[in-house]
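Report on the following structure.
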Amino acid sequence: MAAIKKNLCHCGLTGRDYRSCCGLYHTGVKLTDKSPLEVLMTRYSAFCESNGEYLLKTWHPDFRPDTTAKKFSREIKNGGKWVKLKVYGVLVNPERTEAMIRYEVSYRDSTGIVRSMCVSEFVFEDGRWFYTDEAENTDMSTLPPELDSADTVRAELDMITDGSKQ
């Protein structure tokens, strides 16, 4: 009997299919209330799905661009194809109200594969994590060690998946 191929989630972090991973957030079944990593992974998947509505909803209002979900979705769709997310580390303050995540995204555009190393900032407000912006003046050589630690990624992923990876 042939094996059934799963439609793995775009985020690539849980081993789950899209509908039981980031799709639960995109449809409103789950909220980004456990970890800033939830915001990163679900926003990446939203870029893959050209889901401007979700991206705007998870962007902190003080930093959100002035655009409509429809226009944003169209811009994303015309911008290229997202192909990979790799998370290097997560740093959350002791109060769990602010966080930074270091990651790399790859996408394909008319020039080929483009890789971008990023450090994004997140805040916890009103019972949810939100993306705020990219960290300014980020010198990768001076980042805290937590932003280059697979252990910090695993710990946050365990919070999201309750320690169960499919």
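Tell me yes or no: at least one residue of the range 113-128 is surrounded by fewer than 11 Cβ atoms within 10 Å (Cβ to Cβ), touching a strand residue (DSSP E or B) at 6+ places or on another chain (Cβ under 7 Å) and polar (S, T, N, Q).
Our first condition is that a residue be surrounded by fewer than 11 Cβ atoms within 10 Å (Cβ to Cβ); within the range 113-128, this holds for 116, 126-127.
Going one step further and asking which of them are touching a strand residue (DSSP E or B) at 6+ places or on another chain (Cβ under 7 Å), we end up with 116.
From the residues that got through so far, the ones that are polar (S, T, N, Q) too are 116.
Yes; the residues of the range 113-128 include at least one that is surrounded by fewer than 11 Cβ atoms within 10 Å (Cβ to Cβ), touching a strand residue (DSSP E or B) at 6+ places or on another chain (Cβ under 7 Å) and polar (S, T, N, Q).
In this structure, does Lys34 turn out to be in contact (Cβ under 8 Å) with a residue 60 or more places away in the chain, basic (Lys, Arg) and assigned to a loop (DSSP other than H, G, I, E, B)? Criteria met by Lys34. The set of residues in the range 135-147 that are acidic (Asp, Glu) and modelled with pLDDT of 90 or more contains only Glu146.
For the range 47-65, give me each residue that is surrounded by fewer than 20 Cβ atoms within 10 Å (Cβ to Cβ), among the hydrophobic types (A, V, I, L, M, F, W, C), in contact with a Ser or Thr (Cβ under 9 Å, 6 or more places away or on another chain) and assigned to a helix (DSSP H, G or I). Within the range 47-65, Leu56 is the sole residue that qualifies.
Tally up the residues in the range 123-152 that are charged (D, E, K, R) and under 13 Å from the mean Cα position of the chain (by Cα), please.
Our first condition is that a residue be charged (D, E, K, R); within the range 123-152, this holds for 125-126, 128, 133-134, 136, 139, 146, 148, 151.
Keeping just the survivors that are under 13 Å from the mean Cα position of the chain (by Cα) gives 133-134.
Adding up the residues that qualify gives 2.
With respect to Arg154, determine if the residue is exposed (fewer than 12 other Cβ atoms within 10 Å of the Cβ), without any contact (Cβ under 8 Å) to a residue 12 or more places away in the chain and among the basic types (Lys, Arg).
Values: exposed (fewer than 12 other Cβ atoms within 10 Å of the Cβ): no; without any contact (Cβ under 8 Å) to a residue 12 or more places away in the chain: yes; among the basic types (Lys, Arg): yes.
For Arg154, the condition - exposed (fewer than 12 other Cβ atoms within 10 Å of the Cβ), without any contact (Cβ under 8 Å) to a residue 12 or more places away in the chain and among the basic types (Lys, Arg) - is not met.
Which of the residues that make up the range 66-83 are within 16 Å of Gly12 (Cα to Cα) and surrounded by 14 or more Cβ atoms within 10 Å (Cβ to Cβ)? Full working, then the answer.
In the first step, residues of the range 66-83 are kept if they are within 16 Å of Gly12 (Cα to Cα); the result is 81-83.
Once the filter is applied, which keeps residues that are within 16 Å of Gly12 (Cα to Cα) and surrounded by 14 or more Cβ atoms within 10 Å (Cβ to Cβ), the range 66-83 yields Trp82, Val83.
For the range 105-122, check the following and say yes or no: at least one residue is closer than 16 Å to Glu38 by Cβ, among the hydrophobic types (A, V, I, L, M, F, W, C), more than 15 Å from the chain's Cα centre (by Cα) and at pLDDT 90 or above. Lay out the reasoning, then the answer.
Residues of the range 105-122 that are closer than 16 Å to Glu38 by Cβ, as a first pass: 120-122.
Still in the list and also among the hydrophobic types (A, V, I, L, M, F, W, C): 122.
The next check asks that each one be more than 15 Å from the chain's Cα centre (by Cα); those that pass are none.
No, the range 105-122 contains no residue that is closer than 16 Å to Glu38 by Cβ, among the hydrophobic types (A, V, I, L, M, F, W, C), more than 15 Å from the chain's Cα centre (by Cα) and at pLDDT 90 or above.
Within the range 7-27, none of the residues are crowded, with 16+ Cβ neighbours inside 10 Å, in contact (Cβ under 8 Å) with a residue 60 or more places away in the chain and part of a helix (DSSP H, G or I). Applying the condition of being in contact (Cβ under 8 Å) with a residue 24 or more places away in the chain and in contact with a helix residue (DSSP H, G or I) (Cβ under 9 Å, 6 or more places away or on another chain) to the range 49-71 and asking which residue is nearest to Gly127 (Cα to Cα) yields Thr58. Summed over the range 28-43, the residues that are surrounded by fewer than 22 Cβ atoms within 10 Å (Cβ to Cβ) and either at positive phi or not charged (D, E, K, R) (or both) give a count of 3. Here is the figure for the range 72-113: residues that are farther than 19 Å from Met41 by Cα and part of a strand (DSSP E or B) total 3. Exactly one residue out of Glu121, Glu136 is among the acidic types (Asp, Glu), within 24 Å of Arg64 (Cα to Cα) and not in a strand (DSSP E or B): that is Glu136.
Count of the range 84-99 residues, restricted to those that are surrounded by fewer than 18 Cβ atoms within 10 Å (Cβ to Cβ) and hydroxyl-bearing (Ser, Thr, Tyr), is 1.
The values are calculated or read from the model by the stated rules, or taken from the named source; none is laboratory data. If you're wondering where the values come from, they're calculated on a predicted model, not measured in any experiment. When we count neighbours, we look across all protein chains shown, and the Cβ atoms used for this are built from the backbone with ideal geometry, even at glycine.
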